[in-house]
Amino acid sequence: MIHNLKKYKGVRLAKIMKLLIFMLTIIIILSLIPFSFGCKTGKDLREETSESLDATNAGDNSTDSADSENPVDDTEVVPAEITSFIKTADEYYESGEYKLANDNYRKAETAINNLDLSEHAKKELKDSFYLKYMEAREIVETAGIHYANAMMLEYEQRYDEAKIELEAALTIYPKYSEALETYESLKIIMGIE
């Protein structure tokens, strides 16, 4: 029996170590992200997105709606699938479903990279959603770190600290379904309404 207990503790310790290594990797990656974007914060990215949208809307009003929806020359045709990915991702982004937006932006980026278009056309397409894509990804990753911290703290029965981490995750990403479910479960465990 004592041998089995030691084995159980070893397995438990190994799981905790794997989780810690994963979390440290995510933290390192997230700490390097600002450097790859010129040290811009999420607020700066949102402001740039708003400014670029305002500039687009304030531009030449003589263009028809097809030109404003498609950032690529008329000579190059963008498949409907890619336009659909971008439109769907934008809708998810606007509704606060950042994970789904991130997934659809990634699909659009992959599909664009595989297109037989000029590099300029590919760049214009990607630039049309790049800032939203990066912000959605940052939101999902940051909320995910808080969620992982909460899971580890809950495992250690440090419920008050886990609750704080879950609240941080939900402040960043209010529609984070796993965090919402865990938060409700944790409140039951803690005897909170």
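Descriptive notes on the structure:
Yes or no, residue by residue, for (1) surrounded by fewer than 16 Cβ atoms within 10 Å (Cβ to Cβ); (2) closer than 17 Å to Ser95 by Cα; (3) not assigned by TED's automatic domain parsing to the domain that holds Lys15:
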position: Phe129; (1), (2), (3): no, yes, yes
position: Ile139; (1), (2), (3): no, yes, yes
position: Thr142; (1), (2), (3): no, no, yes
position: Glu156; (1), (2), (3): yes, no, yes
position: Tyr159; (1), (2), (3): no, no, yes
position: Lys175; (1), (2), (3): yes, yes, yes
position: Leu186; (1), (2), (3): no, no, yes
position: Gly191; (1), (2), (3): yes, no, yes
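- Among (1) among the aliphatic types (A, V, I, L, M); (2) closer than 16 Å to Ile16 by Cβ; (3) within 13 Å of the chain's Cα centre (by Cα) - the single one Met151 does not satisfy: (3)
- Pairs linking a residue in the stretch 110-123 that is more than 10 Å from Pro79 (Cβ to Cβ) to a residue that is in a helix (DSSP H, G or I) and of a type outside the set (D, E, K, R), with Cβ atoms under 6 Å and 6 or more positions apart or on different chains, are Lys122/Ile112.
- Residue within the stretch 171-180 that is in a helix (DSSP H, G or I) and under 22 Å from Ile21 (Cα atoms) present: yes
- Here the stretch 161-173 is the region considered, the condition is being in contact with a helix residue (DSSP H, G or I) (Cβ under 7 Å, 6 or more places away or on another chain) and more than 23 Å from Glu135 (Cβ to Cβ), and the residue that is surrounded by the most Cβ atoms within 10 Å (Cβ to Cβ) is Ala162.
- Subset of the stretch 144-154 that is within 21 Å of Glu97 (Cβ to Cβ) and of a type outside the set (Phe, Trp, Tyr) - its residue that is surrounded by the most Cβ atoms within 10 Å (Cβ to Cβ): Ala150
The values are calculated or read from the model by the stated rules, or taken from the named source; none is laboratory data. Since we're looking at a predicted model, the values are computed, not measured. FYI the Cβ positions are ideal-geometry reconstructions off the backbone, even for glycines, and counts take in every protein chain you see.
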